[in-house]
Amino acid sequence: MLGISAGQRYGVENVIERALVERYDVTGLVYEEPDGHPLPGATVVRGDARGLPFADRSFDYVVSNAVIEHVGGREGARELLEESRRVARVATFHTTPDRAFPVETHTLVPCLHWVPRRWQEQVFARVGKQFPTERYWLFTRRELRGLAGNHLVERLTSMTLVTSWWRDGAARPAAATATGIGADASRAGAIDLTAVDGAPRAHVGNGHSAHRR
């Protein structure tokens with residue numbers, strides 16, 4: 001499984017990533033030179049999710065949590081989704097905060113993320129928060145559907161969206177539906193995605209260890 005992160009230390013600071021690394025065969029993609037040592041069992045690769053440094057169909061699953069809003073806006077998000085499909089053999093899952101939710105989840109400031117994007121950085125600065133659009137580009141469900149193409153876009157919770165995509169012909173276990181991800185993650189911190197042979201292959205990792213692109 002490829003877990004796309006937004007930080008430097010995959011599997012170290014984030015509890016969901018740590019659970020993945022301890023139990024499963026995970027490659028963590030980080031954007032900057034890894035800071036410190038990953039947990040035993042983690043393979044950490046530096047790269048850009050908009051141009052993944054892997055061959056086609058290199059992983060059963062490609063997943064991220066709260067990363068897609070940090071890759072440079074609409075075009076960066078589209079590239080992340082396209083690259084995820086390219087390197088996934090079975091499926092991809094990406095979660096992101098819903099712009100329609102009244103509290104901005106990175107800053108915990110209510111409502112200011114609803115102003116036009118050209119004013120966001122200035123408005124957030126007035127309350128002492130950094131919010132440049134090249135690092136924070138939130139999507140509504142409708143906006144994400146416009147980018148995701150053949151991805152399914154669903155609302156996991158009142159504050160979280162998920163895009164899911166399955167390769168044609170891939171088996172879809174009942175427990176691995178996108179709408180089931182949120183509940184499982186809340187209970188266990190990770191989601192089993194059972195492959196065709198019945199072996200657990202992938203879990204959802206979290207990209208909120210840092211806010212990068």
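The values are calculated or read from the model by the stated rules, or taken from the named source; none is laboratory data. What you see is a predicted model; the values in this text were computed from it and never measured. Every residue, glycine as well, gets a Cβ built from its backbone with ideal geometry; the counts of neighbours run over all protein chains shown. Accessible surface areas use protein heavy atoms only, side chains included; no ligands, DNA or RNA. Shrake-Rupley method; radii C 1.70, N 1.55, O 1.52, S 1.80 Å.
Do any residues in region 91-117 that are touching a residue at least 40 places away in the same chain (Cβ under 8 Å) and open to solvent by less than 40 Å² (accessible area, probe 1.4 Å) have Cβ atoms under 6 Å from those of residues that are polar (S, T, N, Q) and assigned to a loop (DSSP other than H, G, I, E, B), where the two are at least six apart or on different chains, and which pairs are they?
97/105; 99/140
Residue 153 is checked against (1) out of contact with any Lys or Arg (no Cβ under 6 Å at 6 or more places or on another chain); (2) over 22 Å from residue 51 (Cβ atoms) and fails just one. What number does that condition carry?
With respect to (1) out of contact with any Lys or Arg (no Cβ under 6 Å at 6 or more places or on another chain); (2) over 22 Å from residue 51 (Cβ atoms), residue 153 is out only on (1).
It is to be established whether one or more residues within region 62-71 are out of contact with any strand residue (DSSP E or B) (no Cβ under 7 Å at 6 or more places or on another chain) and in contact (Cβ under 8 Å) with a residue 60 or more places away in the chain.
Scanning region 62-71, I find at least one residue that is out of contact with any strand residue (DSSP E or B) (no Cβ under 7 Å at 6 or more places or on another chain) and in contact (Cβ under 8 Å) with a residue 60 or more places away in the chain, so the answer is yes.
Would you check which residues across region 124-150 are among the aliphatic types (A, V, I, L, M) and open to solvent by less than 40 Å² (accessible area, probe 1.4 Å) and list them?
Result: 138, 144, 147, 148.
Please tell me if residue 57 is open to solvent by less than 40 Å² (accessible area, probe 1.4 Å), farther than 24 Å from residue 18 by Cβ and among the basic types (Lys, Arg).
no
Confirm whether residue 60 is acidic (Asp, Glu), more than 22 Å from residue 139 (Cα to Cα), modelled with pLDDT of 85 or more and part of a loop (DSSP other than H, G, I, E, B).
Values: acidic (Asp, Glu): yes; more than 22 Å from residue 139 (Cα to Cα): yes; modelled with pLDDT of 85 or more: yes; part of a loop (DSSP other than H, G, I, E, B): no.
For residue 60, the condition - acidic (Asp, Glu), more than 22 Å from residue 139 (Cα to Cα), modelled with pLDDT of 85 or more and part of a loop (DSSP other than H, G, I, E, B) - is not met.
Within region 126-171, can you find the residues that are among the small types (Gly, Ala, Ser), in a loop (DSSP other than H, G, I, E, B) and under 15 Å from the mean Cα position of the chain (by Cα)?
Within region 126-171, the subset among the small types (Gly, Ala, Ser) is 128, 146, 148-149, 158, 164, 169-171.
From the residues that got through so far, the ones that are in a loop (DSSP other than H, G, I, E, B) too are 128, 149, 158, 169-171.
Within region 126-171, none qualify.
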